Every structure is written in structure tokens, then in C-alpha cells.
Amino acid sequence: MKLCVAVLLFCILKHTSGQPDSRGFISIDCGIRENSSYQDLASSIVYVSDHDFISSGQNRNISSNYIKPSLAWRNYNVRFFPDGTRNCYTLRSLVAGNKYFVRATFYYGNYDGLNKLPVFDLYLGTNYWHEVQFSGPTSVNWMDIIVAAPADYLQVCLVNKGMGTPFISGLDLRPLKSTLYPESNSSQSLVLINSNRFNMGPTDNSIVRYPLDPHDRLWSTYDTIPSWKETSATSVVQNYLTDAYDVPSAVMQNAATPVNGSRIDFSWDPSDPSVNISSRYFFVFYFAELQSVASNTLRQFDIIVNNSTWNTKPYTPPFLFADSISGIVQGQETYNISLVATKNATLPPILNAMEMYLMKPITETATNPGDARAMMAIQETFGVSKNWMGDPCAPKAFAWEGLNCTYPRAGLSRITALNLSSNGLAGSITTYFGDLKALQYLDLSSNDLSGPIPYSLLKKSQNGTLSIRLGNNANLCGNGTTCGSGRKKINGAILTAIIIPTVAVIALFVISIFLLCRILKEKAKRRASSPKDETALLENREFSYRELKHITNNFRQEIGKGGFGAVFLGYLENGNPVAVKVRSESSSQGGKEFLAEAQHLTRIHHKNLVSLIGYCKDKNHLALVYEYMPEGNLQDHLRDTSTSKSLTWEQRLQIALDAAQGLEYLHVGCKPALIHRDVKSRNILLTTDLGAKIADFGLTKAFSDSKTHITTQPAGTMGYLDPEYYRSYHISEKSDVYSFGVVLLELITGHSPVVPINDSVSIHIGEWVHQNLDQGSIESIIDSSMGGDYDINSIWKVADLALHCKQEVFRERPTMTDVVVRIKEIMELEARRDREMNPALAGGDQSYAGETSVSEVEGSVGISEASPGPAMR
């Protein structure tokens, strides 16, 4: 029983859903009562009951003999699993492909009164995570894993291996920027074991975690070593923009250094029962100079791991900046680490922090996410009490009873057969069965199912792609009529032979009549409506608000937010993902912008424009349904928040070309022409292969060829807004060209449209670039995350083009057609560079007119031979 004082300190709050909080955190106290939650006083994190994340197991408190003031409150109780071999938590509302940090915590505390420490296995989805074992009943065992989510959910499974009942105390999930820990990817994860994440300086057994570490990693102090001493600083230790590990300043402000001598020596034993010669470990050491080193002194040392020097040249830590040196080592029983001062050093080495991870290859093939989601929904709908936990098909040893799965050498498993005969299923047949796209055999016979048979199943049965058995369900009917309690049992063969064709004919007839009526109705509306009757232009699929709630799982997963409102991830009936933009009540954009965007998107179609799937105009509910763009927006990629690695220059050029072609279509291909009015990196969305599409047409205006401009109130985003439009209220397609020029500068520099010069002064990106180029200093503006992998001539040409797009007078700006031509020419520079570096790619004479060498443009911001328009100012 929890201590009364704890009850007084914490307020138990109602918790209604198992989804991440506003930070993307999932924080679970395993074993507290359903619908309860509390706020941890130290971290301010709210922990919730695990009831919404798992359907099995029992709650129990630890023995009162093991409760102590220093024990975290969520270690007071556990959820244990006496039944079933595999029991799994499901963490939902994630983003497939994104990177997450997951931590499982275990504290035995003799909760079962057996005084016998169990040993069991931990899995993340289909892949083995690690064995869970304990050194004693009072040891807190926690394990971290960093993983790229293969689907929009992750499952943490505890597996009974006959050595005691599995249990768990807590479970956490934290989202990570995909630039962090690049060693973790779709093919391997990083497993932290034995709490090997150390803050090396302090000796007070303190823990650094959230909010000091925004990712809520736990940094524990290293063992006290008499030959070491602590050095510290009160100044903030900053992280580089390209930092791959984002160690918090609270950790980096301390460091260990030798009391006497010129070296730091220690060893590390992984204590891993699975260690063998094929195991691989990832080490990362963190350094920051905390003292202002005099000019006549030098801190310089080598990092040596098992007699191998990791630094390529003598290493000196940067002053008040976090730096790291990392490497991968093969499995051994012990690793000896030494930091040794060089002959020229006058100061001893320091070490601020370190981490050691076991690298886990992802080898098991999971079930197709659409199939898995359908099976989980079926399990939830009917409460099937088989071994239905975790992934349906994998690993094979834990596959769900009643399923047949394919196990291809490459690709995901698919469910081909499902036998639920005589399982006590009651109620109507859920449409989730129809979501099993590869299903060939379905046996639902001898249950208590009632009501009609879903049309999707009838259709598959009729065309021979699905064999279905439905006999011995007394109240099941297939013709749409109400089933009475006295109806005779339906023979499956008769049902298939008679009812299915009848239903199919009726359905086709009804659909034909419906479509004909709708076509006639639409024609009548078009004849009766004036050109300004905007609702008549909404010709894509119309969704009800109820349908939107269904396809978004009650608007569970928010993937973005704009002036119109929040954007949610959803899935259509065929499993295709969509983005659902829902107008919020507080939105500054109303029905006018909604109708404008819907109207424009119903008549424009281009590979570089985001497609509109449909809309919702249900009473006060307004929403637009788009194709889903899995790689998010360009701004996030340039700001290092949503990509596993920086965009290359070639990728940036392709994105620029794609976006330019989309705008060119709006200006030239549409009649009347359209002006987007809100071109910015956030409104350029990316496909899986980083193809770009223009999005957000709420501010778009039609533009007649007979006019040089139109007059309208300024709208758009500061930093991208055409200054001439802002001053005169006159807008033309050249206003989009100006905004696109800003985007080009973002692609070159990685900066936002406003560049901070110091704490109090910022200037526009165009002015900042122009100042640097006037001094012939192009290297100073190039995004360092590209690592120098580009043709400097192509950078000059894009900068030249961007500043032409940004000319103050709109008549001096190029058209989007000119911009497309120029970008294609610039891309040829990069292609030629690739051919020169790799002759195998060469294929004949690839020269083109207008080519300019570096020497012709370097040191000058003047226009090159192939540039349109006058020279830049």
C-alpha cells in the first residue's frame, strides 16, 4: 500500500487516453490503478496508469520492507504477468520512421513474497532487446534503447522463459530528433545496459535527468576514484548546431581530471551474458574545456581504447562547447580506456561524460503495419483471449494462434488466413477484417455473430479472392434485412451461392442510382450557381466529421499545426495515410480561406503540388484531407529537427527544382494564373524520397493575364513577404518569386529568414548573404552540415539566382520559368562534378551553353553570363 504521505503529496488525476503528452512523452507507472496519474515533484513529469497500454497482467505493491524515502514513487508497485508467454505494451500515436528513446524500469522489492529474483527477456516489437536480471531485491534495473519506429506504434514485450514471472515498474518513451544518435537507424538500435551513461565529474551519486536533459536521459555519477578530482564551471556549455548527441550543459559543466599525473585510466566490463566476438559496442566520450586556458598553457591528449588511438591528431577540447569522440569496438570481456597527455601538454586530460551502448541489428521481419493494426482492432473489438499480444506474425515462436502468415526473405509478413471458429465472438462482423488485404481464408463459423456481412468481405468472396466460412451464426444475415432471434442457422455454402450475388446486384444497382443522382445534382448546381458559388467547386470526396474521427482514430496523432488549425495523421479504408487539416475555433483563418484552398486544389493537379483527397464541411466542422507527406516540411530538415542526416547539396537542388516547377505551374499552367502568396520552407513538403511539393493554398489568389498586378491586403509570413507588395498592396506572380528567393538562401545557409548577428541585432538573410558575398566570402554562408560536398560554382550560381529573385523592384526579378531553367543548368554543374569524380558515370559530351567557371564569379557578386536580368546591387 502506498504511504499516506505520498497520497497527500500527489493529486491523483483522471487520465483518459494512452497517447503522448504535448512534448511527445509517454510516461507510465506500471501497476497503479486505472485512470490515475500524478506529477513527479523532481522532474515535473506526469506519470499515468498503464491501463490504456496493455490488456493483461495484474497489479501489486512491493513489500513495505523495501520502501524507503529515496525510492522513486513509481517503484512502489509493479504489474506482473503470471499468464501467457509474451505480454506486450503498445505505445501508439507515434510517427513511422521517427527516432525514439524507450526506457523500461524494474524494481523487484519482493512484490510476490517469494524472495526469489526472476529472470526474463525483454523485446522491442519483434526484436530481442535484452535479458532482465537482478543483483538483489533492492536493485533498480533500467534499460534504454534508441530505435527508429518501423510503424506508428512500438510494442515492449516481456517474455517468460521459465525462470520466474516477468514484471515491470515503469515504461517511458521520448521522441528524439532524427539527427541524434545517427548510429541508430532502421537496421540497428542502440541498447544501454547496466546504466552505462555517466556524468564523470561529480561524486555525490546525483542523477541528471529531465528537465535538465530535455530528452530525459538518466546521467548517473561514475564510481569514486581516489586518483581523480572534479573540475567544474558555472558558465553554460553550449552544443554545436551539428551536435549528434545533445548532452545537457548540467552534465558538461563537470569533468574528471587526475589529481596528479598526466593520464586518466579506467576499465569497463560490459557484464553482458550475451557478449561474444560478434557483439559490437558503441562508445562515445564527451569533452569540454571548463577553464579559460592561458596562452602559454596547453591541454592536449590522446584517447586510447584497448591500445587503439581514436583521435587522428592530438586532441584539445573546445572551450565551453560540448564535443565528442566516438567509436565502435568488437565484443570483449574488458575494455581499457586511457586519456594520455601529449609531450607538449602542460595541463592534464579531462573527461566530462561518456556512454556505452550495445549495437543491436534489427533482424526480425515484422507484420505489415496495416495488417497489424487491423488485428489489434479485431482483438480489441471482440476481446479475443488467445495469445494475441505483440506483433501478430513475429517472431514465429510467438505468432498469434489462428493465423497463417507469409515470411518473405525481404519485406514484411502478411496475414493470409485467420481462423476464429468457435471463439465466442458476439455482435456484428467488424469491417477491420476487410483491412487484411492479403487475407485468403477467414473462418468465423460457430460464433454468436449477428447483423449484415460487410460488403468488402462479400465482394472478395464473390470474386474468389477470399474463402469465408460463416455457418452456425444464428442471427447473421447477408441481405441487409433485420435478423430475428428465431431465424434458422445459415449454411455457409447457401449463403455464398444465393445471398452474395443478390447483395452484389442490389449494391451495384443502388450505387449506380446514387452516382447518377449525384451527377445530375452536381450539373444542376453548376447551372444554377454563379461563378462565385464556391461550394459548387468542391468536387473531391466529401467526408463527414464522423468519418474524419474514424480515419484519424479520434484525432489522436497531431503531426503539424498552422494558421488554419492542427493537422492529424489518418488512414483511409485502403490503408493509405492522409493528412487531415482541421480548422480550430481559435483560427484566424475562417470559411473564406477554407473554401479558397479547397476551390483551388480541386482544379490544379501537378506532381509538385500537394494533392487534395477531400474535404469536410459538416455543420461547423471544416477540414481538408491531403495526401500524407512522410518526410515533413523543408524547414524542419534545414533546422536539423526531423531528418537522420543533413540534406546534401544535390538533394537541396532537387528540392529547389521541384518547388520551382510547382510554382511555375501555378503561374503559367493555370488559367487564370494563381499566386500562392505564402511561399516558405515550411510550406514545402517532402515525400519519402525527398521529392518536394508546394502546400497550403489558403491565401492563394487568381491573377488575370490582362493585369500587371492585383491590389489586396498584404498576407503571408514575415521574412518571406515581398517588400513592394507590403508597401503598395500590389501583388503579382513576382511576389512568389521574391519568397522563393528567400527559400533558396535558406537551402544554401540552413538559416531562417532572420539571421541573428548578436544578442540584440538581427538582419534579413538576404542582407546577410549580400554582405558576405560583397567581401567574396561565400564559404562563410554555406551550411556547414553539408560537409563541403558540393561544387562551389553551383553555390555561387544559386546565390546569384536567389538575390536576383529578391530584387526590390519586382520587374527586375526573373519569372519562375526563368528560375526553373537556371536551376536545371546549375544541377548540371553538380552532375558534371560527379562524372569527373566518377568517370564511370560519364556518357558523352555533357557540356551546355552558358557555363561559367569559378574564377569568373569568385570574388564578385556580379551577374554571370547565363544570368537573366541586371546585376545585383
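Observations
- Sorting 618-624, 826-832, 380-386 by average packing, meaning the other beta carbons within 10 Å per residue, from highest down gives 826-832, 618-624, 380-386.
- Legend: residue pairs 734/797; 177/360; 549/645; 561/617; 116/396, Cα-Cα distance threshold 25 Å; pairs beyond threshold, 549/645; 116/396.
- Each Cα pair under 8 Å and six or more residues apart adds its sequence gap; the mean of these over the residue count of region 193-234 is a relative contact order of 43 percent.
- Cα centroid of region 327-400 to Cα centroid of region 39-106, whole Å: 19 Å
- Computed from phi, the 3J(HN,Hα) profile of region 553-560 under the Karplus parametrisation 6.51, -1.76, 1.60 (θ = phi - 60°) reads 6, 6, 6, 7, 10, 7, 10, x Hz, with x in place of Gly and Pro.
- Highest to lowest packing among 431-437, 291-297, scored as the average C-beta count within 10 Å: 431-437, 291-297
- Amide proton proximity set for residue 622, modelled H, under 5 Å, gap of 5+: 583
- Lys, Arg +1 and Asp, Glu -1 on Cβ, resulting dipole of region 179-364 about Cα centre, debye, nearest 20: 400 debye
- Of 169, 195, 157, farthest towards positive along the dipole that unit charges on Lys, Arg, Asp, Glu beta carbons give region 154-227: 157
- Integer Hz, Karplus 6.51/-1.76/1.60 couplings in order for region 436-449, x for Gly and Pro: 7, 5, 9, 5, 10, 9, 9, 10, 10, 5, 6, 10, 10, 6
- For region 15-111: rounded, prolate or oblate by the Cα gyration tensor [a/c cutoff 1.5]: oblate
- Between residue 367 and 393, 394, 413, the built amide H atoms are under 5 Å apart, and every one of these is 5 or more places off in sequence or on another chain.
- Highest-first arrangement of 249-255, 734-740, where packing means the average Cβ count within 10 Å: 734-740, 249-255
- In this structure, the amide hydrogen of residue 353, modeled 1.01 Å from its nitrogen in the peptide plane, lies closer than 5 angstrom to those of 200, 286, counting only residues at least 5 positions away or on a different chain.
- Rounded Å value of the spacing that divides the Cα centres of region 616-684 and region 767-813: 22 Å
- Kirkwood Rh, angstrom, region 157-267 [1 / mean 1/r, Cα pairs]: 16.8 Å
- Phi-based couplings in Hz for region 741-754 (Karplus 6.51, -1.76, 1.60; Gly and Pro marked x): x, 5, 4, 4, 5, 4, 5, 6, 9, x, 7, 6, x, 10
- Rg ratio (alpha-carbon, reference 2.2 N^0.38 Å) - region 1-178: 0.99
- Net charge dipole, region 347-428: roughly 180 debye, given to the nearest 20, about the Cα centre with Cβ charges of +1 for Lys and Arg and -1 for Asp and Glu.
Values in this text are rule-based calculations from the coordinates and carry no lab data. These numbers come from a predicted model, not from an experiment. With ideal geometry, Cβ positions are generated from the backbone for all residues, glycine too; neighbour counts draw on all protein chains shown.
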